[in-house]
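The structure under discussion appears below in the form of structure tokens.
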Amino acid sequence: MASPASPASTSERPRTGTSSPASSSQSDASHDHDDNESVSSDLSTVDYAYHETLHKDLFKALGAIEAAGSFAGFAKLPDMQPELSVADVGPVNLPLDELTARKIIEKARQAPFGKGSETIVDVSVRNTWELDPSQFTIGNPEWNKVIKRACKFVAKTLGVKSPISAELYKMLVYEKGAFFKAHTDTEKIPGMFGSLVVCLPSPHEGGDVIVKHHGERKTFRTSIAPEGSVLCWYGDVRHEVTPVISGYRFVLTYNLAIPPDAPLPSAAVARAETSLLRHTLRRYVERSKVDGNKEPEQLYYRLDYEYTEANISLKNLKDRDLAVAQTLVSISSEVDLDVFLGEVERTDRGEVEMHYGERDDLSWHDLADDPDTEISVSKLVDIHGRELTSNIDIGDSFWNGLIRENEWEDVFDGADCGERDYEGYQGNWGPNATHWYRVWVIVIAPRGPSSDLFVLDGIEDQDLQPMLRHFLRHCFDPKRRDNARRTVHRLIKDAWGDKSPFFWVRKPDPKIVACVIETVLVLKDYDLFNHAIKHLKGAKLPALLKSVMLFMAEPDNNVDFDKIRDSLLQHILAIPLTARATMLNSILTNGRIECPAIRDWVVDDIIPACLDASKTGSPSESDGEALVTMISQFQDFEYIKTKVLPLAEERISFIPFVLAAILQVLELATNGRFETEQCVEAAKLCQPILKSTVNSMKVQELIIANTDFAKLHKTPRYDYDTKHSEAYASVTITPKLLASLCSQCLQYGWDGLLMVFSLKVVQAVDSISETVLGSLWVPFLKRLVGTLEHCSVPLTTPRYRHLACAILSSYGDKFVSKEPSGTADRSQPPLVCSCHRCAIVNNFLRSRVEDKLRIPMSLSDIRHIQEEFSLPCKPWYVSFEGTTSTTLVLQKDVGRRSNAKTVWESHLAQYTSDIAEFDQAKLKQLLGEEYDQITTLSHLRRHPRVQPSATGPSSRAVTQPAASRVIAPLLNNQRLSGGGMGSLPFGGGPLPPLPAIPPPLAGMKRPAGGPHYQG
């Protein structure tokens, strides 16, 4: 019989851990009933005597455990013909051919299968053909020797000690498409414990046999063994035959049995004689509870094989290691023991014995006598391979708890070893090195504080999350709950407390936090909940609170909300307003919160707290939208009218917040969330607030999120955390909100508001950096095109044409700028500022020949110029080398200037890409005659691209500066064609005209706020 390690067999082990079979545990409990009683009576005495000693008794008991074998096996079939003959078919020659296969099928019947106490035929579960032994014969007398060899293979592979017999059961033929879904075999004869399948030579594809047991899976591919194969498995193993793709799978099946009076083996670990082991471990546990006992706190048993940190777990142990570990795990609950797997490392540090002529670069150096020795558990995992802790210094306690035959036996003999930290001669002392030796052990510890403290020994050197998982699982064990609860308290405090020394684990894993919260709520441990939640912090907190509230909202969970209400409120108020409102909105949408206590809590506590936060903090755009959305889930229009709208008027300086809140109210009205009369009233109340907001809007200061506010507004870095946050919130806005403003104004017919807003933008574009133009105003323009179409406003409307031309022209002029000349031209763009100090610098920058400026200047003036150069407006290539507190020195970087053309081309490519995102047909309507110049930037090129003209030679259009473009005001009773919602009763009626604003005169400063709408 060929070796089972055949390429036709593959074994797959899933990552999830496995546990010892329940059937085995139940069997153990029933068989050991008398044993348990005897031990109990023994332990009622005072001495708790061992048979010999603790270590010798355990060494003997564990040594008696033998490897249990596998649950299934595969081997190739010897080259021998069974000389089959089928009734009414005749001799069957192998390999099986198509014609013979069809004849056999004609004489066969559909194979049934057992379902409970019935035997049924269902081709959706089992689709194959079978013949009884009475329908065929095996003519080769040597075939019995093949089956006997197969039985020996079964005994060795499955670990069966009793004599095995194999009884012929069926002949099966699997044609194309035939299969047998996952199932377990039923007992068909006395003493049956498994099945033997002989796959005879027959070409086929597919028909693989997949066997699974306790999380482990093996696949036997009979199709790649043309000479035939033998398969075996225990009767309690689930197995299936995958569909045959082509050909015929031709097999003989046998029932495997042992004498009826022998213990019946199974795929579960064969129960060894564990009476001595149970006696000894129970005595050990009981004696450990006695004050002043001298028993070791933990026991260690070395494994036979070496493993890696990546694959150490119960399911990955080999042979006898697996048998020993599974036996200990199966009885651990009976005797109150914890079983771990650990890697023990011994390190020897000392001087190196150097011999004459010995090389210094060897990988191993002998140490002198009496090195410094340390012993630690370098890694401790549970039986599923989940790491709990590491680097636990155990010292002499390891030798005291080591289970070995003799005290002088060195468990590290033959262990994995190596050398590190070698240091050669250091002058006054000789060379030294560290040797390490590592072995894998089973760690046995009595359940309770002793076991828990052992796991916690490595607390200072690692992440506490795995340990927390470990003890949370103990919270569900009535015997361990109290101690586990105290330990969880300690871990939460150490890991997440404000004074935690473990700074690298201060941000709790959201999955762990969710596990903690759900565990303590399931256990109704509200004190622990309040203790845990007060230590939680970080960006993931809103999601965690959301999961908590959803858990509490389920009526089946039966949470006493009043006991955690205050601590939960404190945490919700600690997170930002937007996150708070968004979290509640996602929970409360469509009435997902059915708990009346929680709904009352939100109305009475959360919403007023959110309003208070908006009154005193620095509310942002997202705060405004989220706040109104949340309130609308619980309150009616009257609450919004009396609470939200006055708040918006009060916080008018925070333009994005006010716009978002008011526009969200209008959106609710548009979508019919209020009654008809309330919709009219909402519009009348919101219009004056929007007027005030637009009038106070400083367009040139608006930026998009993530823009460097400090650079754009020349804010000192040290002032960022104080005034900066408030200023940032007051100007940070999104293109979507600006487009929404235009949309609502168009829908409600508020043309005056749109006119003022457009004028402000057009007049401010020269003061807006290309960074903000590209990130805020160009995306706004893309949205505006869609808004105009949605509201049936022609794209050729002069107001919006001027607005689009102003934005895109200014963006192109600033971001791309004029195409640079060759390297001989040393001119550079001037500074934005035009004060007398910057004027001197600008003359130098514009010079084509000057490359260095040196001029006396005060320190404050120098700092001002440095700030101007720091603005992200244009690519300057200058340095301040040589500058002192009294002298400004500027040096043009001619080498970097040579790269200006490359930079220019990259900016042009980006600009072209931005323009390409528009629908070009619509953009051409919007820009009109300026479309060609704006899209090609011909006026910025050294060799302008000539656009063909329909009337003759091309000419380049002359365009006014962006700031000089004026949007023509609407006259009384004049409205945009197709624009607005004139039919609405709250459309606002005709608006008084705004006077045209003339182009600014040279040397005159514009008003800071731009035009104002007084209507």
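Before moving on, here are some points about what is shown:
- Pairs linking a residue in the range 792-803 that is farther than 16 Å from Phe918 by Cβ to a residue that is among the charged types (D, E, K, R), with Cβ atoms under 7 Å and 6 or more positions apart or on different chains, are His802/Arg965.
- Test: residue in the range 292-300 that is out of contact with any helix residue (DSSP H, G or I) (no Cβ under 6 Å at 6 or more places or on another chain), aromatic (Phe, Trp, Tyr) and at pLDDT 85 or above: no
- If the condition is being open to solvent by less than 20 Å² (accessible area, probe 1.4 Å) and modelled with pLDDT of 80 or more, then the range 819-846 contributes Leu831, Cys838, Val841, Asn842, Phe844, Leu845.
- Take the conditions (1) at pLDDT below 80; (2) crowded, with 18+ Cβ neighbours inside 10 Å; Val816 misses just one of them, which is (1).
- In the range 911-940, the residues that are modelled with pLDDT of 90 or more and open to solvent by 50 Å² or more (accessible area, probe 1.4 Å) form Cβ pairs under 6 Å with partners that are part of a helix (DSSP H, G or I) and not basic (Lys, Arg), at six or more places apart or across chains, as follows: Lys922/Val785; Lys924/Tyr931.
- Count - residues of the range 224-238 that are surrounded by fewer than 22 Cβ atoms within 10 Å (Cβ to Cβ) and not in a loop (DSSP other than H, G, I, E, B): 2
- Leading residue by the ranking (farthest from Glu334 (Cα to Cα)) among those in the range 276-304 that are open to solvent by less than 10 Å² (accessible area, probe 1.4 Å) and touching a Leu at 6+ places or on another chain (Cβ under 9 Å): Leu303
- Residue in the range 849-859 that is more than 22 Å from Asp766 (Cα to Cα), open to solvent by 20 Å² or more (accessible area, probe 1.4 Å) and of a type in the set (Lys, Arg) present: yes
- Exactly one residue out of Pro95, Pro133, Pro82 is in contact with a helix residue (DSSP H, G or I) (Cβ under 6 Å, 6 or more places away or on another chain) and in contact (Cβ under 8 Å) with a residue 24 or more places away in the chain: that is Pro82.
- Check on Val344, β-branched (Val, Ile, Thr), modelled with pLDDT of 75 or more and outside any loop (DSSP other than H, G, I, E, B): yes
- Residues that are assigned to a loop (DSSP other than H, G, I, E, B) and under 12 Å from Val520 (Cβ atoms) were ranked within the range 467-497; the one that is modelled with the highest pLDDT is Cys475.
- Contact annotation: residue pairs with Cβ atoms under 6 Å, 6 or more positions apart or on different chains, pairing a residue in the range 378-397 that is on the phi < 0 side of the Ramachandran plot with a partner that is at pLDDT below 85 and acidic (Asp, Glu), are Lys379/Glu309; Val381/Glu387; Ile392/Asp457.
- Residue pairs meeting the criteria (Cβ under 7 Å; at least 6 apart or on separate chains; first more than 11 Å from Ile652 (Cβ to Cβ), in the range 689-700; second in a helix (DSSP H, G or I)): Val699/Lys760; Val699/Val761; Val699/Ala764; Gln700/Ala764; Gln700/Ser767
- Top-ranked residue of the range 524-538 - restricted to ones that are modelled with pLDDT of 70 or more and part of a loop (DSSP other than H, G, I, E, B), ranked as surrounded by the most Cβ atoms within 10 Å (Cβ to Cβ): Asp525
- Subset of the range 598-641 (residues that are over 31 Å from the mean Cα position of the chain (by Cα) and part of a loop (DSSP other than H, G, I, E, B)): Gly617, Ser618, Gln635, Asp636
- Any hit, the range 202-214, residues being farther than 23 Å from Pro78 by Cβ, in a loop (DSSP other than H, G, I, E, B) and under 41 Å from the mean Cα position of the chain (by Cα): yes
- Within the range 305-340, considering residues that are in contact with a Lys or Arg (Cβ under 9 Å, 6 or more places away or on another chain) and hydrophobic (A, V, I, L, M, F, W, C), the one most open to solvent (accessible area, probe 1.4 Å): Leu322
- Inter-residue pairs, beta-carbon under 6 Å, first open to solvent by 40 Å² or more (accessible area, probe 1.4 Å) and in the range 404-416, second modelled with pLDDT of 75 or more, 6+ apart: Glu405/Phe59; Asp416/Glu306; Asp416/Arg438
- If the condition is being farther than 12 Å from Ser614 by Cα and surrounded by 17 or more Cβ atoms within 10 Å (Cβ to Cβ), then the range 646-666 contributes Ile655, Pro656, Leu659, Ala660, Ile662, Leu663, Gln664, Val665, Leu666.
- Test: Lys691 is at pLDDT 85 or above, under 23 Å from Ile640 (Cβ atoms), crowded, with 18+ Cβ neighbours inside 10 Å and among the basic types (Lys, Arg): yes
- Filtering the range 702-713 for residues that are buried (at least 18 other Cβ atoms within 10 Å of the Cβ) and at pLDDT 85 or above leaves a non-empty set.
- Residue within the range 621-638 that is touching a residue at least 40 places away in the same chain (Cβ under 8 Å), more than 26 Å from Ala739 (Cα to Cα) and open to solvent by less than 60 Å² (accessible area, probe 1.4 Å) present: yes
- Selection within the range 89-135 - closer than 17 Å to Thr186 by Cα and among the basic types (Lys, Arg): Lys115, Arg126
- Restricting the range 130-170 to residues that are open to solvent by less than 70 Å² (accessible area, probe 1.4 Å) and among the β-branched types (Val, Ile, Thr) leaves a set whose member that is nearest to Glu83 (Cα to Cα) is Ile138.
The values are calculated or read from the model by the stated rules, or taken from the named source; none is laboratory data. For clarity, every value in this text was computed on a predicted model and none was experimentally measured. We place every Cβ from the backbone using ideal geometry, glycine too, and count neighbours over all the protein chains shown. Remember, those area values only see protein heavy atoms, side chains included, never the ligands or the DNA or RNA. Shrake-Rupley method; radii C 1.70, N 1.55, O 1.52, S 1.80 Å.
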